[in-house]
């Protein structure tokens, strides 16, 4: 079962329908006991970073999502849910993120890109744009074509992200990370439910993914943030 976290982050019906379309058995819930029993977890999100963060905290789900990820449960962040995976968001102030992937979420800033002057692009970034695959072998990108189009609606994007955690980038005046992953934590900046074949394929990949099919290592952290253990082979997860 895949738990889609319902923390008041807008209309989630289309995300749920898209997941069901690709074969997922989902439960839309804010019940921690259900989320903790789930095989995988989806953190959706639309609107402002601070509002989504508050939605998780007010329901007592902020730290539990960290703990669930630390146990090795696959977690997928979508749109603002993807932004919440990072350390900090800068929308209308500075707001703590889940800290599951190092980096900050910043507003598009074209001032350092002279090729755009004097006609910077509009913010928010709305519409179809292409993906440049940086790690095409990752399971989230299975059967996703190079240069495939996805549908974006956002004014902020991750920055300062380790290239090892960037699966794909998109050019909007400059390249920004549009698909990210760190071990069992994955994130998609665009709207997969609106992105036709590309978006549905990524959702399908998450739904069908099994950590026991792949050999990458997973870092497991304690709730205090101190490194607890490193599992070099995911087949060892059952012993942790």
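Just so it is clear, none of the values below were taken in a lab; they were calculated from the coordinates. These numbers come from a predicted model, not from an experiment. Because the Cβ atoms are built from the backbone with ideal geometry, glycine has one as well, and the counts that use them run over all protein chains shown.
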(request) With label points built 7 Å along Cα→Cβ from the Cα atoms of residue 164 and residue 59, find their separation and express it in nm. (result) 3.3
(message) For segment 64-111 and segment 1-35, what is the centre-to-centre distance using only Cα atoms, to the nearest Å?
(response) 19
(request) Sort the following peptides by mean Cβ neighbour count (other Cβ atoms within 10 Å, averaged over residues), highest first: 194-202, 131-139. (result) 194-202, 131-139
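From the square roots a ≥ b ≥ c of the eigenvalues of the alpha-carbon gyration tensor of segment 93-189, which class results: rounded (a/c under 1.5), prolate (a/b over b/c), or oblate? Working shown, then result.
On the way: a/c = 1.98, a/b = 1.25, b/c = 1.59.
Verdict is oblate for segment 93-189.
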(message) Could you work out how much longer the chain between residue 110 and residue 142 gets when fully extended? Use 0.36 nm per residue separation minus the Cα distance between them, nm to one decimal.
(response) 8.3 nm
(request) Could you give the spread of the C-alpha atoms of segment 2-104 along their three principal axes, from largest to smallest, in whole angstroms? (result) 38, 28, 22
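Please compute the contact order of segment 2-215 in relative form: average sequence separation of alpha-carbon pairs under 8 Å and at least six residues apart, divided by the residue count, as a percent. Please report the intermediate quantities before stating the final value.
Details: 454 pairs, mean separation 43.0, N = 214.
It comes to 20 percent, rounded to a whole number.
Pull out a ≥ b ≥ c, the square roots of the eigenvalues of the alpha-carbon gyration tensor of segment 30-166, then state rounded if a/c is under 1.5, prolate if not and a/b is larger than b/c, and oblate in the remaining case. Write out the running numbers ahead of the final one.
On the way: a/c = 2.12, a/b = 1.40, b/c = 1.51.
Judged from the Cα gyration tensor, segment 30-166 comes out oblate (a/c at least 1.5, b/c at or above a/b).
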